[in-house]
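Here the structure comes first, spelled out in structure tokens, and everything after it is commentary.
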């Protein structure tokens, strides 16, 4: 186990924690939105929050897969783990999902603290709207942080693996724990 393994451990653990936060905020936004739509005069509207759905999906994917990746490394002491060749594409999928969540939130809100059509959060009358307003910025920011954590680790792993492959020690089929990084 080398320095990259400890960087992996820290990055994936922090990404999991931030993904739990994004997931919780997106579930809260979805709940507030559905309460808002159940009000008088809005009962027939059937729509969803795209950014919240993306955040829920991305958060669930991270919460299921990243701890499983770390768990496999800990139980397979010295044996085969998750190959780097599989880990890199999966991490790319995850950070792209969080970029999409952040961009979708940004697109929906038309900027920090704004509802569509230029209405600000202070102009809204109901608690559900205020809940939505106060959760947009944290969803966007934490989604970008999670994407950044996963992206930086992926780039580090790709760079180190490529560098080692050019040196004649291909490690694409080995896990990070079993490599000498």
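Sort out which residues of segment 159-173 are touching a residue at least 12 places away in the same chain (Cβ under 8 Å) and surrounded by fewer than 17 Cβ atoms within 10 Å (Cβ to Cβ), and write them in order of number.
Applying the first criterion (touching a residue at least 12 places away in the same chain (Cβ under 8 Å)) to segment 159-173 yields 160-161, 164, 171-173.
Answer for segment 159-173, where residues must be touching a residue at least 12 places away in the same chain (Cβ under 8 Å) and surrounded by fewer than 17 Cβ atoms within 10 Å (Cβ to Cβ): 172, 173.
Conditions (1) surrounded by 15 or more Cβ atoms within 10 Å (Cβ to Cβ); (2) over 16 Å from the mean Cα position of the chain (by Cα); (3) in a helix (DSSP H, G or I), marked per residue:
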site	(1), (2), (3)
125	no, yes, no
128	yes, yes, yes
133	yes, yes, yes
139	yes, no, yes
143	yes, no, yes
146	yes, no, yes
152	no, no, yes
157	yes, yes, yes
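Just so you know, all these numbers are worked out from the coordinates, no wet-lab data involved. Since the structure is predicted, the reported quantities are computational estimates derived from the model, not experimental observations. We place every Cβ from the backbone using ideal geometry, glycine too, and count neighbours over all the protein chains shown.
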